[in-house]
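Heads up, the thing below is written out as structure tokens.
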Amino acid sequence: MDSLRHLFALALSLFFLAACSQPAPAAIAPDAVPRAADYPAMPQNLQRVRVETVVDGDTIRVRIGNRSEPVRMLGVNTPETGAGSTTRECFGPEASDWTKQALAGQTVLLEFDESQGRRDRFDRLLAFVWLEDGRLFNLDLLTAGYAFEFEPRRDSKYQRLLDRAEREARDAGRGLWSAATCDGRR
Ligand SMILES: [Ca+2]
């Protein structure tokens, strides 16, 4: 009987140990991000390009004709990774890894938004990045909690959806909004 009680105590302590040492909430796979009922439909006639490299969470390089072009994703800002001249921010490397997982080597479709300008002051193209399966990657970054909403010029085409996606991720404590990761701080 004693050994049974010991076994039970052991099982109980293992259970509590497991419960207390839970790591940060599991990452959502890029292709498993929940979509809102009014998720936008991909416009027709977008520019189809191949992703050469992923620079960090919100910036990629694509091949356009015979040029390699940097593309900064509109409406979002992922934390900095600490690479180059940047200062590492909470969840920067995680956001970069997530974008790599989703976009490295992929063919994507670029949507420009004239209200935001074609290029930023670093001469990077500014675009919404669509996957061929109809996902709007900029929006998914926010929904999964890998980015802050960021619109230096207001009212991009998808601003209302971007706002809501950030709010949902924050309310659900996803990604960088979790108390176990950054608690919404950089
Ligand atoms: Ca950034």
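The values are calculated or read from the model by the stated rules, or taken from the named source; none is laboratory data. None of these values were measured; they are calculated from a predicted model. Backbone-built Cβ (ideal geometry, glycine too); neighbour counts: all protein chains shown.
Return the residue satisfying two criteria in turn: it lies in the range 51-75 and is assigned to a strand (DSSP E or B) and touching a Gly at 6+ places or on another chain (Cβ under 8 Å), and of such residues it is nearest to the ligand (Cβ to nearest atom). Give the derivation first.
Kept after step one, since they are assigned to a strand (DSSP E or B), are these residues of the range 51-75: 51-56, 59-64, 67-73.
Next cut, touching a Gly at 6+ places or on another chain (Cβ under 8 Å) only: 51, 56.
Details: Val51: 17, Asp56: 6 Å.
That would be Asp56.
Which is within 12 Å of the ligand (Cβ to nearest atom) and assigned to a helix (DSSP H, G or I), of Leu162, Leu141?
Numbers: Leu162 fails: within 12 Å of the ligand (Cβ to nearest atom).
Of the residues listed, the single one that is within 12 Å of the ligand (Cβ to nearest atom) and assigned to a helix (DSSP H, G or I) is Leu141.
Within the range 59-100, can you find the residues that are among the acidic types (Asp, Glu) and within 27 Å of Ala32 (Cα to Cα)? Break it down stepwise before answering.
In the first step, residues of the range 59-100 are kept if they are among the acidic types (Asp, Glu); the result is 69, 80, 89, 94, 97.
Answer for the range 59-100, where residues must be among the acidic types (Asp, Glu) and within 27 Å of Ala32 (Cα to Cα): Glu80, Glu89, Glu94, Asp97.
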If I filter the range 165-186 down to residues being of a type in the set (A, V, I, L, M, F, W, C) and assigned to a loop (DSSP other than H, G, I, E, B), which single residue comes out as surrounded by the most Cβ atoms within 10 Å (Cβ to Cβ)? Cys182
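Could you count how many residues in the range 29-50 are at pLDDT below 95 and either in a loop (DSSP other than H, G, I, E, B) or at positive phi (or both)? Walk me through it before giving the result.
Pass one, the range 29-50, residues at pLDDT below 95: 29-38, 45.
If we keep only those that are either in a loop (DSSP other than H, G, I, E, B) or at positive phi (or both) too, we end up with 29, 33-38, 45.
Residues flagged as at pLDDT below 95 and either in a loop (DSSP other than H, G, I, E, B) or at positive phi (or both) within the range 29-50 amount to 8.
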May I ask you to verify whether Ile60 is without any contact (Cβ under 8 Å) to a residue 24 or more places away in the chain and among the aliphatic types (A, V, I, L, M)? no
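Among Asp123, Asp97, which is the only one that is surrounded by fewer than 21 Cβ atoms within 10 Å (Cβ to Cβ), out of contact with any Pro (no Cβ under 9 Å at 6 or more places or on another chain) and not in a strand (DSSP E or B)? Lay out the reasoning, then the answer.
Numbers: Asp123 fails: out of contact with any Pro (no Cβ under 9 Å at 6 or more places or on another chain).
None of the other options fit; the residue is Asp97.
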